[in-house]
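For reference, the structure is listed below as C-alpha cells.
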Amino acid sequence: MKLYYQTHSPYARKVLVLAHELGIASSLEVIHHETSPTSPNATIYKANPLGKVPVLILDDGSALFDSIVICEYLDNLNDAPKFIPPKGPERYAALQLQALAQGMCDVGIKLRWEVERRPQALRYPAYADGQAYKLKEAYRFIEQHVDLNGPITLGHIALATALDWIAFRKLSDFSAQPRLSEWHQTFCERASMRATEYCGQTHD
C-alpha cells in the first residue's frame, strides 16, 4: 500500500502513528507530497478530489481518504486488539475524542492562515481570536471531562498528533492545563511518535 503523506500534516501523521502502533508501518510505502490551497498538487487531486492528504492507495489501485476512513481501514486489517473499540461506550468515547482532535486541527489551520499565511492586509483579527478561543475551550473541555488514562485508542492518537502540531506551529499554548500538558509530553515519548516527528521538530 502507498500512503500519500505530507511531513507537516497532523492528519497524515495520525495515520502513520496508528500504523506504527498496529505494527504495520513497514507495509506502507510513504510518499511525500506537498499540498496547499494555493498550489494544487495534480497527483493528490487525481486520488482525492479535495486535493488533501493523507490518501491511502490500495494494492488494487483504489484510493481511500480521509484520515478517519484510512484509520478505520488499517485498524481492521488484522485480528490484533483494536484502536477503535468495536462497541459500547468505549467506542463512542474514542470516536468523539478523534472528532474533537480533528476539529482542533481544522481550527488550528484556520488560525494559522489568519496569523501567518494570509497577506497582512487581508487578515481578520477578530476571526483569528475566535479560532484561538475554540482551541482554549477544547483544552479546557479535555482537561475537565476526558479520561486520558486507560487503553490507548485512536482518539488518543488523534489528540496527541493534534496537540503536537499545534505546539510545533506555536499556534496556541495548552500548558495552563496541567493534566493535558503532562499527558501530551508522556505520549510523545512513544516510539510511534518519535518515528513520525514533524520535520525540524526537536524535543528538549
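In percent, what relative contact order does the range 88-193 have, based on Cα pairs under 8 Å that are 6 or more apart in sequence?
Values: 84 pairs, mean separation 37.9, N = 106.
The normalised contact order for the range 88-193 reaches 36 percent.
Which residue, chosen from GLN98, HIS156, GLY108, occupies the Cα position most advanced towards the positive end of the dipole of the range 88-193, where the dipole is computed from +1 (Lys, Arg) and -1 (Asp, Glu) charges on Cβ about the Cα centre?
Checking the options against the dipole of the range 88-193, the answer is GLY108.
What's the magnitude of the charge dipole for the chain around its Cα centre, counting Lys and Arg as +1 and Asp and Glu as -1 at the beta-carbon? Answer in Debye, nearest 20. If you can, show how the numbers build up before the last one.
Values: 21 positive and 23 negative charges, 112 e Å.
Result for the chain is approximately 540 debye, rounded to the nearest 20.
Picking from LEU16, ALA47, CYS71, whose Cα lies most toward the positive end of the charge dipole for the range 2-75 (charges on Cβ: Lys, Arg +1; Asp, Glu -1)?
Checking the options against the dipole of the range 2-75, the answer is ALA47.
Which value, in debye to the nearest 20, gives the size of the charge dipole of the range 88-193 about its Cα centre, when Lys and Arg are +1 and Asp and Glu are -1 at the Cβ? Don't skip to the end; give the middle numbers.
Details: 13 positive and 12 negative charges, 80 e Å.
Here the range 88-193 has a charge dipole of around 380 debye.
Of the candidates HIS145, HIS32, HIS20, which one comes out as most mobile in a Gaussian network treatment of the chain with C-alpha springs shorter than 10 Å?
HIS145
When only Cα pairs under 8 Å and 6 or more residues apart are kept, what is the percent relative contact order across the range 24-84?
Values: 49 pairs, mean separation 10.4, N = 61.
After rounding, I find 17 percent.
About the Cα centre of the range 2-75, how large is the charge dipole given +1 on each Lys and Arg Cβ and -1 on each Asp and Glu Cβ? Please answer in debye to the nearest 20.
The calculated dipole for the range 2-75 is roughly 260 debye.
Normalised by the number of residues in the chain, what is the relative contact order in percent for Cα pairs under 8 Å and 6+ residues apart?
23
Kindly list the residues of the range 161-204 that lie in the label zone of ASN149, defined by a backbone N under 17 Å from the point 7 Å along the Cα-to-C-beta vector.
Flagged as within label range: 178-184, 186-187.
Can you tell me the FRET efficiency between GLN185 and GLN120 if r is taken as the Cβ-Cβ distance and R0 is 25 Å, rounded to the nearest 0.05?
For GLN185 and GLN120, the calculated efficiency is 0.15.
Starting from the Cα-Cα distance between ALA195 and GLU137, subtract it from 0.36 nm times their residue separation and give me the gain in nm to one decimal.
Once the chain is fully extended between ALA195 and GLU137, it gains 17.9 nm.
When the expected Rg is taken as 2.2 N^0.38 Å, what fraction or multiple of it is the alpha-carbon Rg of the chain?
For the chain, the normalised Cα radius of gyration is 1.02.
Rule-based calculations on the coordinates, nothing more; no lab input. All values reported here derive from a predicted model rather than from experimental measurement. Backbone-built Cβ (ideal geometry, glycine too); neighbour counts: all protein chains shown.
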